[in-house]
Structures are given as C-alpha cells and as structure tokens.
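Reviewing the structure listed below.
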Amino acid sequence: MARTPLMAGNWKMNLTHVEAVALVQKLAWTLDDKKHDYAGVEVVVVPPFTDLRSVQTLVDGDKLKIAYGAQDVSAHDAGAYTGEVSAAMLAKLGCGYVVTGHSERREYHGESDALVNTKSRKALDAGMTPIVCVGEPLEVRKAGEQVSYTLEQVAGSLAGFTAEEVAGLVVAYEPVWAIGTGEVATPEDAQEVCSAIRGWVAENLGAEAADAVRVLYGGSVKAANAAAIMAKDDVDGCLVGGASLVADEFAGICRFAELPAV
Ligand SMILES: O=C[C@H](O)COP(=O)(O)O
C-alpha cells in the first residue's frame, strides 16, 4: 500500500497569530510558485493554540492545500482544568492533527505513556489524527537500546487502540538527542527504529495496520537532509521543528522528491 508522505511543521512556542498568517501565506506561495504540484505530499503546520483561529481563517478563505493541527490536547473533555484546551475545541477550529507525547512535554510536563495514550484517544474520538511522538534520550542511544526503549513507548502510548485506529494514525520517531541540536540521525538510524515501530504494529495489530500506519522521523530535519531520510522504506515523512519556521526551508523539505537523496 502506498502511504501518502506527510510533512508536519511543529512551530513549538513561536510566532504570534499575525506572524502565523504571514508564514502560512508565504509557505503556500512558495510551494506553488514553481508550479510543482505537491499534491503527492500532505503538508501540515502545527502552530501554538493562539494562532489556530487565524490559520483556520486563512486556510479556509484561500482554500490552501495546507492542513493544520495542535501541539497538545487536554486529557479531559471539559471543566475545571485551567489553561487546558479540549479536543472538541480543537476540532471546532478545524484541526486535522494533534501532536501527542512530544519529548518536550514528556520532559517538561512529566507526560507518561498512559497520559499520551489518553490524549491520543481524545484526539481520535474527536475526529482528529494523533501524531504520537516517541524516541530515546542520548544515554539510551549510547547504550544501543533505542529500539526496545522506543517500542516500550509505542506499546504504552497506543495501548487499547484497535488495528483500524492505528492504521489511521501517525507515529513520529524523534530521537531526543537529534531535536534542536543540528545532529540529525543518519537515514539508517531513522530506518532502524521506524521499521521496528512498523514491525511492532505488524506483530501486535496485523499486517494491514502495519502497512497503513504512517511513521515519521523528526530531529534536525532540513531541506538538505530530507531526501536521504525519505528514501528509506519505513519513513513516511518528517516532523520538523526549527526548519518549519522558515517558508523556503520547509517548502524545500516538502519538495524532497525533487532533491537528490545524497
Ligand atoms: O517536533 C519537532 C521535533 O522536535 C524536531 O525539532 P527540530 O527540527 O527543531 O530538531
């Protein structure tokens, strides 16, 4: 089964709603200006909550071929949870995706696999696609235990999901030591863990789900290194941080198919 490549730009805590409109507008023009049809690639931006309504208005108004999503979601449906944002609120804003379990939330907010599982379930039940983040810290990589560590996160974060549900969601492998460091994983490193994630799905949920689930790589992806990573069989796209804040760079990543996989 051919999986549609997915390039998602996680803006993290950057850009006001005014700056967000400018970036999405420039991204749309940049993607289209060479008349290169990027229909074959799903392009998603993941802005801060405060920017979502403005991005929705622009995307809907100009009928842009750009989807958008949120960087987190509450584990609750509604009520006395100060500062949180519910899945229903995000769905109402037209979010197609929700990033769950990003390593920065696991680290700074103590998010466990169980909490990531609950949040991913809330997103799915509200009709949005979770992008479930997993990945090992440097000390685990140095010990050569990245596969077992990451698969443990996958098992905990996807607990209770049916084969059909997993087939429709996204898992993002983001080695923590590659995030924001400029030290991108080698395509072989990415392939090793992304194929192990697909193998786990096959073993636990069947071949159909394994063939359908999209597995992304994230961690210092740039236009210069995207094609080599995307050339790997089990990498279906990228979750991009810093480079997604620059329209030309992120557009270059989305157009990876036109770049040499050196
Ligand atoms: O969500 C994105 C990842 O954390 C990667 O961020 P980065 O591209 O800035 O390394």
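Nothing in this text is a laboratory measurement; each read-out follows from the coordinates by a stated rule. These numbers come from a predicted model, not from an experiment. Please note: Cβ atoms are built from the backbone with ideal geometry, for glycine as well, and neighbour counts cover all protein chains shown.
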Along the positive direction of the dipole of the range 1-110 (beta-carbon charges: Lys, Arg +1; Asp, Glu -1; about the Cα centre), which of 27, 68, 15 reaches farthest? 27
Given 10 Å bins starting at zero, what is the percent of C-alpha pairs of the chain in each, up to the one with the largest pair distance? 7, 33, 38, 19, 2, 0
A correct fewest-to-most ranking of 76, 109 by other Cβ atoms within 10 Å would be 109, 76
If the elastic network links every pair of Cα atoms under 10 Å, which of 225, 204, 117 fluctuates the most in the Gaussian network model of the chain? 204
Go ahead and run the numbers for FRET between residue 163 and residue 62, Cβ-Cβ distance against an R0 of 41 Å, rounding to 0.05. 0.65
Most exposed first, judged by fewest Cβ atoms within 10 angstrom, 86, 148 run 148, 86
Using a Gaussian network model of the chain whose springs link C-alpha atoms within less than 10 Å, name the residue from 175, 48, 130 with the highest mean-square fluctuation. 48
Neighbourhood net charge (9 Å Cβ-Cβ; Lys/Arg +1, Asp/Glu -1) for residue 210: -2
Can you give the local net charge around residue 18? Use residues other than it whose beta-carbon is closer than 15 angstrom to its beta-carbon, Lys and Arg +1, Asp and Glu -1. 0
Compare 119, 232, 92 in a GNM of the chain, Cα atoms joined below 10 Å, and give the one with the largest fluctuation. 92
Hey, with R₀ at 30 Å, roughly what FRET efficiency would residue 25 and residue 257 work out to, going by the Cβ-Cβ distance, to 0.05? 0.80
Evaluate E = 1/(1 + (r/R0)^6) for residue 114 and residue 18, where r is the Cβ-Cβ distance and R0 equals 35 Å; express this FRET efficiency to the nearest 0.05. 0.40
Histogram of C-alpha separations across the range 157-206, 5 Å bin width, %: 5, 17, 26, 20, 14, 11, 6, 1
Mean projection area, nm², convex hull over Cα of the range 187-250: 4.3
How big is the dipole moment of the range 53-162 about its Cα centre under a simple scheme where the beta carbon of each Lys and Arg is +1, that of each Asp and Glu is -1, and everything else is neutral? Debye, nearest 20, please. 360
Cα-only Rg/Rh for the range 113-202 with Kirkwood Rh rounds to 0.98
Check residue 98: other-chain or 5+ apart residues with amide H under 5 Å from its amide H, H built from backbone geometry? 70, 129, 131
Zone reached by a paramagnetic label modelled 7 Å from residue 4 Cα along Cα→Cβ, restricted to the range 228-243 with backbone N below 17 Å, covers 236-239
